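All remarks here apply to the structure that follows.
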Amino acid sequence: MIAIYPGSFDPITLGHIDIIERGCNLFEKVIVAVLRNPSKTSLFTIEQRLNQIRHSTEHLLNVEVASFDGLAVNYAKMQQAKVLIRGLRVLSDFEKELQMAHTNKTLSPEIETVFLATSNEYSFLSSSVVKEIAIFGGSVDHLVPQHIAIDIYKCYDKTQPKPILNQR
Ligand code: PNS
């Protein structure tokens, strides 16, 4: 069974990667799908995000990385996927995610949303948290793969060498 993991991934974090790894254990193929959303300002371009995700998931054999426009359920149908994966971190995620799952169900009843509980160690982590820390000059080395931390420091002109805390 094919699953789509849709999102903005601006940038992908260790929390997202944890969800992808676990999705890969459950499904034959996981397509990480980056929404092309012109109305949202982003730190990284779509191409940068696709490259970051490809690099971060190259240890996983059943992952594909792509971008999509429009409705996630339409993209899922185009890819013959039956499942949308979403990570749930904390209770406050639940309301928005449940609404989205119900909306998607009205649009496409044959597509199921499968929620994976984010691992405890990443329950606080989001792309926005990563950007906020970086804006104020903090280290994000423990939150994203090292190659993405470097990309982020370049955006904020923070070029001093950082300690390598994670192995990705
Ligand atoms: O990482 P994000 O920003 O929380 O991801 C949100 C995303 C991209 C999964 C969601 O906004 C989405 O699926 N957008 C595509 C448009 C769509 O299908 N909307 C209907 C569900 S409300």
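The values are calculated or read from the model by the stated rules, or taken from the named source; none is laboratory data. These numbers come from a predicted model, not from an experiment. FYI the Cβ positions are ideal-geometry reconstructions off the backbone, even for glycines, and counts take in every protein chain you see. Just the protein is used for accessible areas: all its heavy atoms, side chains included, with ligands, DNA and RNA removed. Shrake-Rupley method; radii C 1.70, N 1.55, O 1.52, S 1.80 Å.
A few remarks follow.
- Between Met100 and His147, the simple label model (points 7 Å from Cα in the Cβ direction) yields a spacing of 2.5 nm.
- Each of the peptides 133-140, 52-59 was scored by the mean count of other Cβ atoms within 10 Å over its residues; in descending order, highest first, they stand as 52-59, 133-140.
- Relative to the longest principal axis of the Cα atoms of the chain, helix 91-107 runs at roughly 40 degrees.
- In degrees, nearest ten, helix 46-56 long axis to first principal axis of the chain (Cα): 80
- Here the relative contact order of the chain, from alpha carbon pairs under 8 Å that lie six or more residues apart, stands at 26 percent.
- In angstrom, the C-alpha Rg and Dmax of region 45-168 are 16.8, 51.
- Gained length - Ala66 relative to Glu112, 0.36 nm times residue gap less alpha-carbon distance: 14.6 nm
- Apportionment of accessible area to carbon and sulfur, region 2-121, percent (1.4 Å): 54
- Entries in Lys40/Lys105; Lys77/Lys131; Lys82/Lys154 that, when Cα-Cα distance is taken, lie over 31 Å: Lys77/Lys131; Lys82/Lys154
- Given charges at Cβ of Lys, Arg, Asp, Glu: the chain dipole, positive-most of Leu71, Ile17, Phe94: Leu71
- Cα centroid of region 105-151 to Cα centroid of region 28-82, whole Å: 14
- Relative to the longest principal axis of the Cα atoms of the chain, helix 146-155 runs at roughly 70 degrees.
- Accessible area in square angstrom per residue, region 90-146, 1.4 angstrom probe: 58
- Rounded to the nearest 20 debye, dipole of region 2-121 from Cβ charges on Lys, Arg, Asp, Glu: 240
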